[in-house]
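Everything below concerns the one structure shown next.
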Amino acid sequence: MGSLPEPIMEENYSKPPGIRFMERTKKSSLSFKTYQAIVLIVTFLAYTSYHATRKTTSIVKSALDPQSPDIGLKFPWQRHTNQSSRLSWNLKDGWVPFNGPDGTVILGELDVSFLFVYAMGMYFSGHVGDRMDLRIFLTIGMVGTGLFTALFGVGYWANVHIFYYYLIVQMMAGLFQSTGWPSVVAVVGNWFGKKKRGLIMGIWNAHTSVGNITGSLVASILLKYGWGWSMVVPGSLIAVVGVVVFLFLPVHPDSVGANKDDDEVFSPRKEGEEVTEPFLRSSDREEESAVGFIEAWKIPGVAPFALCLFFAKLVAYTFLYWLPFYISHTAIEGKYLSNEEAGNLSTLFDVGGVVGGILAGYISDRLDARAITAASFMYCAIPVLYFYRSYGHVSMTINIILMLITGVFVNGPYALITTAVSADLGTHSSLKGNSRALATVTAIIDGTGSIGAAIGPLLTGYISANSWSAVFTMLMGSAFIAGLFLTRLVVAEVGAKIQQLGSQGSSPRSRSPDLLV
């Protein structure tokens, strides 16, 4: 099951050229911690660039269709503001075919098409990523993303006004974008053991917000020179970072001959009896075959966390696409903010998300309980969403505080599941040390979540036409369902904790059972 012809099964983790050059210059091998630092920095830059290029499309919408606010997914019934007229004067008449009466619908189709291809491509990318050198795979994905992001902007100079050109380019960009997340999580998972993985990945996951902010700033600055530049420059930047990945990213400790015993995360000497075997064993690696797609779904915990992320990401991406619009159409202290002010204010949600990701990772590490942490955050998000809807309009201070708290509890479990949980499950005890499942498991979990990410904003467009309270009811219901999917796992973790507490004092402290048995 999941077996492949021998030439494909063999590992092909080659040492990056940049690492070879550094070692020749130093005339000695780098330390394990140095390799870890390189991995964190390079993968952080890689996924920051992925999100930066993903954000550019939302920025250029104001140039493509100046009659509509720049809010992500848009629909014809959304009312215009005075800002629209000012944008129309500054950006002329927009760009055919997006500036017609159905321009908002067409732009929405681009977003939905991108997200669905991205979600479907995630499954394919994880399957392929576990069967080839992730450094090469990630480089191809980044260069491809840069190419199709730039081709969207080329339409500006080539005077392309055919909708299907932009649709196909966006779909191809979504396909190449799907290579990023399974690859970077798998690489980071290869280098960091479970004990500190939650906190480390929680901090590392800030690349999402940094990428969103960077993409917004770069695209906005270049927009006045022509919207094509807002796509071509970020596309070129991710291709450059892709070259950096090719030159410097060590995929696995084995690829550079690193000794895991030199690091406290893996060393039994520093953790005593509490630490189990190294995170990924290097022995008999030639005998490992990549885990199949169906086999990965059967790993205990994968299906519940994937379905949980479906609803968690539905909530998170609804805020990503609709929060600026909601703010600009909600009177705060009796005043309406402009689109620009609403967009700036909405970035505080991402700030809260960074804090939430770090907090969730730290708590889950301390408790050694991923499911309890994720479910608790999702349940806490329910009253927070209610308070933000009910009292966010009272004053700017209350709005800011509630938005930050909402970001913490909405993005915290989302960040935890897509990072530490995915890495944990990709090395579950049922795999018996097989390291060839990380990308596939990560792809399954985040790919399922990305389907929810596409559905949430789409449903919001229809529901918000009648009532924003109904939208928040949908979000609260989704958060509740997300928590319910983890119920069995939470019960298992609570039972393990009770058993562990009962055994303390009479025997040496033992490590809690592997995640989600």
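The values are calculated or read from the model by the stated rules, or taken from the named source; none is laboratory data. Keep in mind it's a predicted model, so treat the numbers as computed, not measured. Reconstructed Cβ throughout: ideal geometry from the backbone, glycine too, with neighbour counts over all protein chains shown. For the accessible areas, the whole protein counts, side chains as well, though only heavy atoms, and no ligand, DNA or RNA atoms are used. Shrake-Rupley method; radii C 1.70, N 1.55, O 1.52, S 1.80 Å.
Take every pair of alpha-carbon atoms less than 8 Å apart whose residues are at least six positions apart; their mean separation over the length of region 332-416 yields a relative contact order of 50 percent.
With viscosity 1.306 mPa s and temperature 10 °C, the Kirkwood radius over alpha carbon pairs of region 347-408 converts through Stokes-Einstein to a diffusion coefficient of 131 µm²/s. If you filter region 304-389 for GluC sites (Glu not before Pro), then keep DSSP loop positions with at most 11 other Cβ within 10 Å, what is left? Within region 304-389, the qualifying GluC sites (Glu not before Pro) (loop, at most 11 other Cβ atoms within 10 Å) are Glu333.
For region 142-230, trypsin sites (Lys or Arg not before Pro) are listed when DSSP marks them as loop and at most 10 other Cβ atoms sit within 10 Å of their Cβ; the list is empty. When peptides 14-21, 212-219, 135-142 are ranked by their average number of other Cβ atoms within 10 Å per residue, the highest-first order is 135-142, 212-219, 14-21.
When each of the peptides 479-485, 374-380, 175-181 is scored by how many other beta carbons lie within 10 Å of its residues on average, the order from highest to lowest is 175-181, 374-380, 479-485. The Cα atoms of region 437-503 give a gyration tensor whose axes a ≥ b ≥ c have a/c of 1.5 or more with a/b no greater than b/c, which makes the shape oblate.
Sorted largest first by accessible area at a 1.4 angstrom probe radius, with every protein chain in place, the residues Asp350, Asp93 fall in the order Asp93, Asp350. Across region 168-179, rounded Karplus estimates of 3J(HN,Hα) from the backbone phi angles (6.51 cos²θ - 1.76 cosθ + 1.60, θ = phi - 60°) give 5, 4, 5, 5, 5, 4, x, 5, 5, 4, 5, 6 Hz, Gly and Pro being marked x.
Pairs with C-alpha atoms separated by more than 26 Å, drawn from the list Lys313/Lys497; Lys55/Lys313; Lys15/Lys298, are Lys313/Lys497; Lys15/Lys298.
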